[in-house]
Amino acid sequence: MNFNKESVVQRAKTDLAERLSVSETDVKEISVSEKDFPDMSLGAPAADEMSAQMISSGWQINLEAKGEKYEYRADKYQLRLYAFCGTNYVVES
């Protein structure tokens, strides 16, 4: 999978809508910014995951739904949900 900015934001919206059982139209994009992450897990390792310690460039995606804010992190190869209910998730890689 090769993401670009638009496709990864759409995938994040779809994922969040599914997790919260809401319509995608209820998920609002707050911001999308380019960011350098500290490692290949985009600073959001899943449980017991080890990753290469090298800078990885990608996007920080901030969404809002049901009055709460949610953060996704992505690069062209993967999408991760950061600190959702205290846990990081690999959405797609």
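Quick look at the numbers
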{"item": "Degrees, to the nearest 10: 5-20 long Cα axis against longest axis of the chain", "result": "60 degrees"}
{"item": "Most mobile listed residue (ALA12, ALA83, ALA52) in the chain, GNM with C-alpha springs under 10 Å", "result": "ALA52"}
{"item": "Chymotrypsin sites (Phe, Trp or Tyr not before Pro) restricted to the range 15-93 and DSSP loop, no more than 15 other C-beta within 10 Å", "result": "TYR77"}
{"item": "Paramagnetic label zone (point 7 Å from Cα along Cα-to-C-beta, GLU71; backbone N under 16 Å) in the range 15-59", "result": "30-46, 56-59"}
{"item": "Binned Cα-Cα distances of the range 1-41, short to long, each 10 Å bin given as a whole percent", "result": "24, 47, 27, 2"}
{"item": "Of ILE55, GLN10, TYR77, farthest towards positive along the dipole that unit charges on Lys, Arg, Asp, Glu beta carbons give the chain", "result": "GLN10"}
{"item": "Under 11 Å, Cβ to Cβ, from LEU16 - net charge with Lys/Arg +1 and Asp/Glu -1", "result": "-2"}
{"item": "Debye intensity ratio I(q)/I(0), log10, the range 18-62, q values 0.15, 0.31, 0.32, 0.34 Å⁻¹ (C-alpha model)", "result": "-0.55, -1.01, -1.04, -1.11"}
{"item": "Kirkwood hydrodynamic radius (C-alpha pairs) into Stokes-Einstein, the chain, 20 °C and 1.002 mPa s, D in µm²/s", "result": "163 µm²/s"}
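Values in this text are rule-based calculations from the coordinates and carry no lab data. Please read all numbers here as calculations on a predicted model, not as lab measurements. So basically every Cβ, Gly included, is an ideal-geometry build from the backbone, and we count neighbours across all protein chains shown.
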